[in-house]
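Report on the structure given below.
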Amino acid sequence: MLALADVQRQMRDAVVGGDASVAVLLVGGDRPAGRLAIHQRHFEASLTAAVMGRFPASSWLVGANRLEAVARQFVHACPPSAPCIGEYGEGFPAFLAEAAATSHLPYVSSFAALDWHLGRVALCTDGPALGRADLVLVAPEVLAGVTLTLQPGLWYAHTGWPIDDLITLYLTDTAPEAFHIEPQDVRLEVRGSRGAVRFTRLGAGDFSFRSALATGESLEAAALRALTADPGFDPATALGSLLDSGLVVAVPTSPGGVLS
Amino acid sequence: MSSIPVRRLSAGIGLRLPHIEEAVATSPAVGWLEIHPENFLSNPHAMELLDQLAERFPISVHTVGLSVGSACGIDRHHATRVRALIDRIDPVLVSGHLAWATHGAEYLNDLLPLPYTDETLRVVAAQLRQVQDALGRTFLLENPSNYLGFAGSTMTEVDFLTALVERTGCQLLCDVSNVHLSGHNMGYDPRAYLDGLPVDAVRELHLGGFTAEDDEATPGAQVLIDTHASRVADPAWELYAYAIRRFGHRPTLIEWDNDIPDLGTLVGEARMADAIAAGAREPERSHVGAR
């Protein structure tokens, strides 16, 4: 008998790569390789279904059969790395960008990323939001250096295509017979909570500000980024708007203190 | 939440995401609910709803992702996440499978078979102890559904499970449908399998539907696939009655994971389990009464 690690390497190669040489070690029916196919099929079918379930709008855009063929390639090339299958598939948009079957759709990767994140943020849960009045508790001398904690169901994307218009056709079931799509600079804020989602286009300044805050940059650093993107950006107005939108859930008031 | 001892609970159902909002709204008439933590760890909204259900129902956590049989070790990061969920909802039972699914950095999304050898026993026993330490709970280990075995195995599955109980203090989740299915596929007597399990270690029973397919390994024969996509079949119900006579009353779960029906169908299957369990115990009562 081979060592357990060697047995499992051979079994992995059979399940993921289709190499059935492990069958000589197996018993089950007259020809165990036939039973090995049960595990091979389960791996491919269950994960392909999981990917398809996470990209419903992409399936609409690309066509279910075509997308499923790419998803099958994806599960063999990039198996999951963790048992929470709901988290599997984040790399699929990039995989789609390289797939021959979708090479005629230059926006497919951006569109699939939006599809993925709509599903992800819909499962998030908004926390109680801070308002403008809460911010007066933050010492003025530390305000510029604080990092805000934003709602968990947020995603910011800067794309070269109007993918929001395109996915709206899917979400509202209003696709025309033909849809002409032109490159366009689009900055999106995607927000979701408890099953509901919405997306909004932002100007260059607000997008830079909010997306920088979402990645953990300080208020000052985010404002500087925004001013670089839009010299007319007004940090005070933007911060007020952020609070009014209910996007801020926590802010440090002093070293060691957090308002939430 | 009910204060009925775990051992006396009436049958429960596997709680799947399509049913969770209805379960919160209607509190289905079942004894308990079992969840796969993997469905909740990446879904904060579902987790929020589960919190509400955990106040009303005993919950069992049945993990499919710890991979106690992997030669590369258990997924410690996943164990940490499962522990956090356990601490949050305080389940009455915690269980998983005698199988492996993780290979290096890959999770293969299946419950793959193990050779039953001394080496495997050492590996699984050590990792079961790690799992129990990581989760802070006694772990119930489920017998697998088998399509394949290993020519190099040196002990039976029953002996392997029994040795794990002795070495680690783990207990057993006996999936009765798996016993029927594996007995059919691998050519052993399901009742003899149940007879071999240590009675005191069996803490929970599972029942689920399976699908018969043409067996590519044996022309003209059929292989039973553990699809959890249909009602519990009659032979599994019959074996369940036998299991109740052998083990006594145990918390029993109806599993249905594919082609999921309406919640009422699952509740009906759970009631069927309760009825069969009650009927199976009748001869015992008559026998005791005649003494």
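The values are calculated or read from the model by the stated rules, or taken from the named source; none is laboratory data. Nothing here was measured: the structure is a model prediction, and the numbers come from that model. Heads up, the Cβs are rebuilt from the backbone with ideal geometry, glycines too, and the neighbour counts pull from every protein chain shown.
Highlighted here are the strands (runs of 3 or more DSSP E) found entirely within the stretch B:195-290 that include at least 2 residues which are acidic (Asp, Glu) and at negative phi: B:211-214.
Counting only strands (runs of 3 or more DSSP E) that sit completely within the stretch B:21-116, those holding 1 or more residues that are of a type in the set (S, T, N, Q) and more than 9 Å from chain A (Cβ to nearest Cβ) correspond to B:59-62, B:93-97. The conditions of being within 11 Å of chain B (Cβ to nearest Cβ) and either under 22 Å from A:ASP13 (Cβ atoms) or assigned to a helix (DSSP H, G or I) (or both) are met by A:ARG41. Cβ-Cβ distances below 9 Å connect the following pairs, each with a first residue in the stretch B:62-86 that is closer than 15 Å to B:ASP110 by Cα, a second residue that is in a helix (DSSP H, G or I) and hydroxyl-bearing (Ser, Thr, Tyr), and a separation of six or more residues or different chains: B:GLY69/B:THR120. Against the definition (of a type in the set (Val, Ile, Thr), part of a strand (DSSP E or B) and either surrounded by fewer than 19 Cβ atoms within 10 Å (Cβ to Cβ) or modelled with pLDDT of 95 or more (or both)), how does A:VAL190 come out, yes or no? So A:VAL190 passes the test. Checking the structure you have, find out if any residue of the stretch A:18-28 is more than 23 Å from A:ASP6 (Cβ to Cβ) and either crowded, with 17+ Cβ neighbours inside 10 Å or out of contact with any Phe, Trp or Tyr (no Cβ under 6 Å at 6 or more places or on another chain) (or both). Taking every residue of the stretch A:18-28 in turn, none turns out to be more than 23 Å from A:ASP6 (Cβ to Cβ) and either crowded, with 17+ Cβ neighbours inside 10 Å or out of contact with any Phe, Trp or Tyr (no Cβ under 6 Å at 6 or more places or on another chain) (or both). When the helices (runs of 4 or more DSSP H) confined to the stretch A:58-175 are screened for residues that are surrounded by fewer than 19 Cβ atoms within 10 Å (Cβ to Cβ) and away from every other protein chain (no Cβ under 14 Å), those reaching at least 2 such residues are found at A:64-77, A:92-98, A:132-135, A:140-143, A:163-171. Put simply, of A:GLY29, A:GLY34 the only residue that is of a type outside the set (D, E, K, R), farther than 21 Å from A:TYR170 by Cα, at the interface with chain B (Cβ under 7 Å from one of its Cβ atoms) and outside any helix (DSSP H, G or I) is A:GLY29. For the stretch A:6-23, filtering for residues that are out of contact with any His (no Cβ under 9 Å at 6 or more places or on another chain) and at the interface with chain B (Cβ under 8 Å from one of its Cβ atoms) leaves 1.
Within the stretch B:213-223, identify whether any single residue is within 12 Å of chain A (Cβ to nearest Cβ), crowded, with 19+ Cβ neighbours inside 10 Å and of a type in the set (Val, Ile, Thr), and answer yes or no. Yes, that holds for at least one residue. Would a scan of the stretch B:45-61 turn up a residue that is in contact with a Phe, Trp or Tyr (Cβ under 7 Å, 6 or more places away or on another chain) and of a type outside the set (A, V, I, L, M, F, W, C)? Checked the stretch B:45-61: at least one residue is in contact with a Phe, Trp or Tyr (Cβ under 7 Å, 6 or more places away or on another chain) and of a type outside the set (A, V, I, L, M, F, W, C).
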